[in-house]
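A short write-up of the structure that comes next.
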Amino acid sequence: MEKSNCQHEWKKEGNYLVCTKCPKKVLDLKETDKEGLLLGIRKDGSKYSVRENRMSYFMPGRWIKFVEALKSPKAKLTAEVLIQLGCRINEARHIEERDIDYERNTIKLRITKTKAKKGETKGKPRTIPVNSKFIKRLKKYFKDKKDGKAIGLLTTSAFNIAMKKSLEKIEEPEGYMLSAHNIRKSHGNWLKIMGNLKMMNVDAMEICLRLGHDYGTFLKDYGSASVMDNKDITLIQEILGDLYTR
């Protein structure tokens, strides 16, 4: 067990810094010229980057420019599904038409993250509401797909590459801090803001159930203070439509 209040003394071992007083070890990461971005080196000598925090999210105006700059229809679909559902990309990838209730405007996420730390051996499915305009777009999209076919999104790595190119194209200065998972954070934070303003009928509990998180995790990794103005709020309404307003 790690000693409490250990005054760590670090010794470099491979790619790690290991404490000589307790079992704790951390990745040996160096600062870069980009704020919040650290650099590591793998055993084979290749470099990789690590963000100091993953709290970044899209402002709505920045989101619209980002989506417009995505090149392929598949990348645009992936982005739209993620911002509308707020789910993990690996959860969204398994969606089939049978998971969509066109009358109730809901989508069932059948395959979700397994939380081993909480004793789960299989992720718990969850059904979430989606705005009616987006549901209609999905109905049209699935019309020409065979039964049992998944929605057809990019893989996580492919979408992150597409994101990087799009963010570079629009010259987003902090684009290096954004990945597919930050779209999920954007969704959760937008809902929190709209709920606080009473512009959506959604509270913290509903957001947590929707994201598949407990409240502590949401506050720690997802929630951010509202810094949006009236223009931002209007754009969120346009993007998320009638979600939680019916």
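Of the residues examined, Arg98 is not one that is over 24 Å from Leu167 (Cα atoms), in a loop (DSSP other than H, G, I, E, B) and over 15 Å from the mean Cα position of the chain (by Cα).
Restricting region 220-234 to residues that are of a type in the set (A, V, I, L, M) and within 14 Å of Leu191 (Cβ to Cβ), the residue that is modelled with the highest pLDDT is Ile233. Of all residues in region 150-187, how many are part of a helix (DSSP H, G or I) and either aliphatic (A, V, I, L, M) or free of Cβ contacts under 8 Å to residues at least 60 places away in the same chain (or both)? Counting residues in region 150-187 that are part of a helix (DSSP H, G or I) and either aliphatic (A, V, I, L, M) or free of Cβ contacts under 8 Å to residues at least 60 places away in the same chain (or both) gives 13.
Here Thr127 fulfils each of the conditions (1) at pLDDT below 95; (2) under 21 Å from Ile183 (Cβ atoms) apart from (1).
Scan region 189-228 for residues that are assigned to a loop (DSSP other than H, G, I, E, B) and under 16 Å from Tyr57 (Cβ atoms) and jot them down. Break it down stepwise before answering.
The first filter runs over region 189-228 and keeps only residues assigned to a loop (DSSP other than H, G, I, E, B), leaving 197-203, 212-214, 222-228.
Passing the criteria: His213, Tyr222, Gly223, Ser224, Ala225, Ser226, Val227, Met228.
If I filter region 7-20 down to residues being in a loop (DSSP other than H, G, I, E, B) and surrounded by 13 or more Cβ atoms within 10 Å (Cβ to Cβ), which single residue comes out as modelled with the highest pLDDT? Ranking the qualifying residues of region 7-20, first place goes to His8.
Right, Met163: buried (at least 19 other Cβ atoms within 10 Å of the Cβ) and either within 13 Å of the chain's Cα centre (by Cα) or in the same structural domain as Arg98 (by TED's automatic domain parsing) (or both) or not? Criteria met by Met163.
Within the option set Arg110, Arg62, Arg98, being loosely packed, with under 14 Cβ neighbours inside 10 Å and of a type in the set (Lys, Arg) holds for one residue only, Arg98.
Taken as a whole, the condition of being of a type in the set (Gly, Ala, Ser) and outside the structural domain of Glu80 (by TED's automatic domain parsing) applies to Gly241. Condition first: of a type in the set (A, V, I, L, M), modelled with pLDDT under 95 and either surrounded by fewer than 18 Cβ atoms within 10 Å (Cβ to Cβ) or not assigned by TED's automatic domain parsing to the domain that holds Arg104 (or both). Can you find one or more residues in region 206-216 that meet it? So far as region 206-216 goes, yes, one or more of its residues are of a type in the set (A, V, I, L, M), modelled with pLDDT under 95 and either surrounded by fewer than 18 Cβ atoms within 10 Å (Cβ to Cβ) or not assigned by TED's automatic domain parsing to the domain that holds Arg104 (or both).
The values are calculated or read from the model by the stated rules, or taken from the named source; none is laboratory data. For clarity, every value in this text was computed on a predicted model and none was experimentally measured. With ideal geometry, Cβ positions are generated from the backbone for all residues, glycine too; neighbour counts draw on all protein chains shown.
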